[in-house]
């Protein structure tokens, strides 16, 4: 969220690493994209009248073209958030085994 706010305020985003990225989830597939790509897609989806198609490139260099109506989630994924999620799931498992 902080990175996104900095970008909206005019700060140039850092290059995407393989540890911090955005997940674009579309019907039946998940694409790993850079912050700049996620922002462009969000902007296009937020414009008046949804576009028919979205074209973008993932962090691995592959180009994709898919119907815009198939995109239903764009989420930030950082090393810290994934570590917190693993810790949370581990705590849930331990709680279940205690019962």
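Remarks
- Within segment 38-66, the set of residues being without any contact (Cβ under 8 Å) to a residue 12 or more places away in the chain and in a strand (DSSP E or B) comprises 55, 63.
- From the options 45, 35, 27, 54, residue that is within 18 Å of residue 81 (Cβ to Cβ) and either at pLDDT 85 or above or within 15 Å of the chain's Cα centre (by Cα) (or both): 35
- Filtering 55, 42, 25, 47 for residues that are within 12 Å of residue 72 (Cβ to Cβ) and surrounded by fewer than 18 Cβ atoms within 10 Å (Cβ to Cβ) leaves a single hit, 25.
- The number of residues in segment 71-99 being under 16 Å from residue 56 (Cα atoms) and surrounded by 13 or more Cβ atoms within 10 Å (Cβ to Cβ) comes to 2.
- Single condition residue 68 does not satisfy, out of (1) under 19 Å from residue 20 (Cα atoms); (2) in contact with a strand residue (DSSP E or B) (Cβ under 9 Å, 6 or more places away or on another chain): (1)
The values are calculated or read from the model by the stated rules, or taken from the named source; none is laboratory data. What you see is a predicted model; the values in this text were computed from it and never measured. Cβ coordinates were reconstructed from backbone atoms using ideal geometry, including for glycine residues, and neighbour counts include every protein chain displayed.
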